[in-house]
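What follows is a short report on a single structure.
The values are calculated or read from the model by the stated rules, or taken from the named source; none is laboratory data. Keep in mind the model is a prediction, meaning the values are calculated, not measured. We place every Cβ from the backbone using ideal geometry, glycine too, and count neighbours over all the protein chains shown.
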Amino acid sequence: MKKKLALPRVGFLGTGWIGRHRMQAIALSGEAEVAAIADPCEENAREAAKLAPEAVLVEDLDALLELDLDAVVIATPSAGHCYQALRALDRRLAVFCQKPLGRNAEEAQLVVHAARSMNRLLGVDFSYRFADGIMKIHQLVSSGEIGQVYAADLTFHNAYGPDKPWFYDPELSGGGCLMDLGSHLVDLALWFFGYPEVRSVSSSIFAGGERLKTGSGKVEDYAVVSLVLEEGHAVRLACSWNVSAGRDAVIESSFYGTRGGVSFKNVQGSFYDFVAERFRGTASETISSPPDEWGGRCAVAWARQLRLGKGAFDPQAEHLVRVAQVLDQAYGR
């Protein structure tokens with residue numbers, strides 16, 4: 001009888017809502033074993049333990065790193081991501097981290113360099129890439145079906161602000177809505193265009209309806225960013241917290257080519273339900289619609305890569321630095 005291979009043993013650092021959701025997705029996928037849970041909030045840890053009763057509960061990252069693990073999933077406040085990822089990589093553990101990987105490009109570069117040096121798998125939870133609609137329109141774009149794509153508009157307006165105080169401290173968060181929501185948009189734009197060089201970045205950033213000044217100690221709640229890519233392609237990004245959007249959220253990514261267009265839009269203000277359409281002139285065709293359980297797919301894809309590739313470094317992680325660099329330029333730093 002063929003011996004069954006052991007699954008990678010993964011520890012989870014931070015098990016708030018999103019941490020638990022990613023943990024459950026990985027557990028249900030069968031791609032990895034939920035071996036340990038660490039969260040300073042006892043309530044979060046108890047809720048996570050209900051989803052993975054076999055997992056060991058420990059106090060913190062130090063305790064996680066003393067266990068026999070293959071990888072760590074980090075779902076903590078942004079200020080800790082760089083330091084926590086570096087410590088895990090130093091122990092030769094693969095890492096999957098919530099975005100942003102770092103509060104700036106320097107932190108992101110440190111983590112990517114460490115992952116490359118240690119030859120460890122590094123992933124960041126840019127989850128929208130794995131929505132069915134996004135995958136389908138990405139295929140249309142990359143195959144040339146809509147011709148030469150020359151422009152894109154991406155939007156993420158959230159009628160609510162985050163409910164955790166650290167989001168509003170630039171030292172802890174690295175930035176406001178642009179870091180929180182706009183990072184997804186920057187990632188999608190660069191991915192769709194094949195990670196080209198970025199010729200220029202310009203931005204208008206607001207807090208409370210007023211232009212935000214560098215060093216103000218505030219984070220932005222509205223941002224518009226324009227990118228010009230190496231071939232002259234134009235990309236416009238807009239994101240906000242607490243905007244009067246008339247609905248819970250406006251989430252949309254549209255790409256325009258010489259033979260048509262494609263668009264990915266949320267349905268009736270939903271954060272989870274999306275429709276994707278293909279355009280030919282004034283005609284439209286729906287190519288994806290709800291339901292679609294997409295939220296945990298990025299984490300599952302990382303876990304599958306961990307299982308199949310034994311945790312070796314993936315050069316695609318280098319692109320994480322490019323995303324951080326564009327955000328830095330948008331912030332003027």
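In the list E210, E171, which residue meets the criterion of being acidic (D, E) and within 23 Å of L320 (Cα to Cα)? Don't jump to the end; show me each part of the working.
Numbers: E210 fails: within 23 Å of L320 (Cα to Cα).
Result: E171 is the single residue among E210, E171 that is acidic (D, E) and within 23 Å of L320 (Cα to Cα).
You will find that of D70, D60, the residue that is charged (D, E, K, R) and within 22 Å of L308 (Cβ to Cβ) is D70 and no other. Selection of first residues in the stretch 40-58 that are among the polar types (S, T, N, Q) and of second residues that are crowded, with 16+ Cβ neighbours inside 10 Å, restricted to Cβ pairs under 6 Å at least 6 apart or on distinct chains, gives the following pairs, ordered by first then second residue: N44/T15; N44/G16. Sub-8 Å Cβ pairs linking a first residue in the stretch 211-233 that is among the acidic types (D, E) to a second residue that is assigned to a strand (DSSP E or B) and surrounded by 21 or more Cβ atoms within 10 Å (Cβ to Cβ), at least 6 apart or interchain, are E220/I205; D221/S240; D221/W241, ordered by first then second residue.
Filter the stretch 133-153 down to the residues that are out of contact with any Lys or Arg (no Cβ under 7 Å at 6 or more places or on another chain) and either within 17 Å of F274 (Cβ to Cβ) or buried (at least 20 other Cβ atoms within 10 Å of the Cβ) (or both) and list them by number.
Hits for the stretch 133-153 are G133, I134, M135, K136, I137, H138, Q139, V141, V149, A152.
Please go through the stretch 280-299 and pick out each residue that is over 12 Å from G133 (Cα atoms) and out of contact with any Asp or Glu (no Cβ under 8 Å at 6 or more places or on another chain).
Keep residues of the stretch 280-299 that are over 12 Å from G133 (Cα atoms), which gives 280-285, 295-299.
Listed by number, the residues that qualify are R280, G281, T282, A283, G295, G296, R297.
Flag: D248 does not match the condition of being within 30 Å of S202 (Cβ to Cβ) and not assigned by TED's automatic domain parsing to the domain that holds P170.
Among the conditions (1) assigned to a helix (DSSP H, G or I); (2) aliphatic (A, V, I, L, M); (3) over 27 Å from W302 (Cα atoms), the only one that I137 does not satisfy is (3).
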